[in-house]
Amino acid sequence: MKFEERARQELTGVLRHYASGNAEIVRTYFSRPRTREQDLAWIKRQAARELTTAWKFLDNLVEFRPKFEREIRRRSYESLARSFLEEIEHYRLFVELLEEEFQEKIVPEELLAYGVWSEDEGLPENAKKARFERALRTSGNELAKIALGIGEGGGSGWLIAGSRIRGGRLEERIARVMGEVAADEMYHGPIHIAAAARRIRTEEELWTVRAILWEYLRHHLRMKNEQFGYPLSEERLAEIDAGQVEPLEGVDFSPVEHNRGEMAHYAL
């Protein structure tokens with residue numbers, strides 16, 4: 001087997017593994033009785049994640065404007081703009097759930113406290129993930145950027161599982177929203193695997209990217225478990241880390257080739 005193909009398979013395997021773990025979080029959450037407050041908590045936190053990611057892409061667009069058509073190619077800039085639009089659309093979908101199903105008034109300042117980069121110790125797993133990711137993104141380490149690009153969204157397993165839930169009107173609407181978001185997010189992580197495999201030249205580089213990806217997804221799993229109110233125990237999370245997880249069926253996590261993801265998720 002060629003080195004590039006093996007790199008693709010190994011990185012896809014890590015992503016599939018943790019996507020399946022994220023899916024278990026959501027299946028477990030929706031399999032139990034839940035309160036209005038519990039639903040409000042996870043939806044607000046997701047709306048916050050979408051909004052703060054969108055704002056960061058907007059910052060990137062402004063920052064890169066002087067480099068447009070010089071250091072930044074037009075397709076790359078277009079990809080970045082598309083990612084901003086997708087994230088703000090995802091934000092709209094989740095806040096419309098809050099407004100229309102829960103009659104909640106949206107306060108953007110409140111949501112910012114829950115965002116992707118928040119280190120609020122009231123959400124310790126989110127804070128740990130934010131610190132881990134920020135350190136890697138500011139390190140100048142190109143292998144770290146490759147790993148983070150692949151790991152974007154945790155492989156979307158939680159969204160895919162959410163798109164399959166059944167129940168009453170609220171559950172059906174949540175499933176529709178999560179299905180719409182998943183359709184975009186599958187092009188935010190897996191899309192980068194093929195390009196990443198071409199950029200990885202040595203066994204040492206592959207080991208580094210795989211290790212960073214694994215640790216990032218480990219943080220993501222715990223952040224997502226926290227977001228949904230800890231449906232899985234720490235013991236169960238450790239079992240998932242060790243490979244004891246039910247595969248997420250009906251999803252192709254093989255590398256996706258598509259020109260829309262050229263640089264956007266490396267820019268954050």
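The values are calculated or read from the model by the stated rules, or taken from the named source; none is laboratory data. From a predicted model like this one, the values you see are computed outputs, not experimental measurements. Quick reminder, even Gly has a Cβ in these numbers, built from the backbone with ideal geometry, and neighbours come from all protein chains shown. Keep in mind that these areas ignore ligands, DNA and RNA; they rest on the heavy atoms of the full protein, side chains included. Shrake-Rupley method; radii C 1.70, N 1.55, O 1.52, S 1.80 Å.
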For this session: Return yes when Leu206 is in a helix (DSSP H, G or I) and closer than 20 Å to Arg32 by Cα and no when it is not.
Result: no
Exercise. Has region 174-184 got any residue that is of a type outside the set (A, V, I, L, M), under 30 Å from Glu99 (Cα atoms) and open to solvent by less than 10 Å² (accessible area, probe 1.4 Å)?
Worked result: no
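Among the candidates Val62, Val14, Val26, which residue alone is open to solvent by 70 Å² or more (accessible area, probe 1.4 Å), assigned to a helix (DSSP H, G or I) and β-branched (Val, Ile, Thr)? Give the derivation first.
Details: Val14 fails: open to solvent by 70 Å² or more (accessible area, probe 1.4 Å); Val26 fails: open to solvent by 70 Å² or more (accessible area, probe 1.4 Å).
So the residue among Val62, Val14, Val26 that is open to solvent by 70 Å² or more (accessible area, probe 1.4 Å), assigned to a helix (DSSP H, G or I) and β-branched (Val, Ile, Thr) is Val62.
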Problem set entry | Test: residue in region 54-69 that is among the polar types (S, T, N, Q) and more than 19 Å from Leu159 (Cβ to Cβ) | yes
For this session: Counting only residues that are within 22 Å of Ala41 (Cα to Cα), give me the helices (runs of 4 or more DSSP H) lying completely in region 78-157 with at least 2 of them.
Result: 108-112, 124-137
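Output the residue which, of all residues in region 211-238 that are of a type outside the set (A, V, I, L, M, F, W, C), over 17 Å from the mean Cα position of the chain (by Cα) and under 21 Å from Phe132 (Cβ atoms), is least open to solvent (accessible area, probe 1.4 Å).
Kept after step one, since they are of a type outside the set (A, V, I, L, M, F, W, C), are these residues of region 211-238: 215-216, 218-220, 222, 224-227, 229-231, 233-236.
Now drop any that are not over 17 Å from the mean Cα position of the chain (by Cα), which leaves 229-231, 233-236.
With under 21 Å from Phe132 (Cβ atoms) added as a condition, the list becomes 230, 234.
Details: Tyr230: 122, Glu234: 96 Å².
Checked region 211-238; the qualifying residue least open to solvent (accessible area, probe 1.4 Å) is Glu234.
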Seminar exercise, completed: Note on Arg70: of the conditions (1) open to solvent by less than 50 Å² (accessible area, probe 1.4 Å); (2) not in a helix (DSSP H, G or I), unmet is (1)
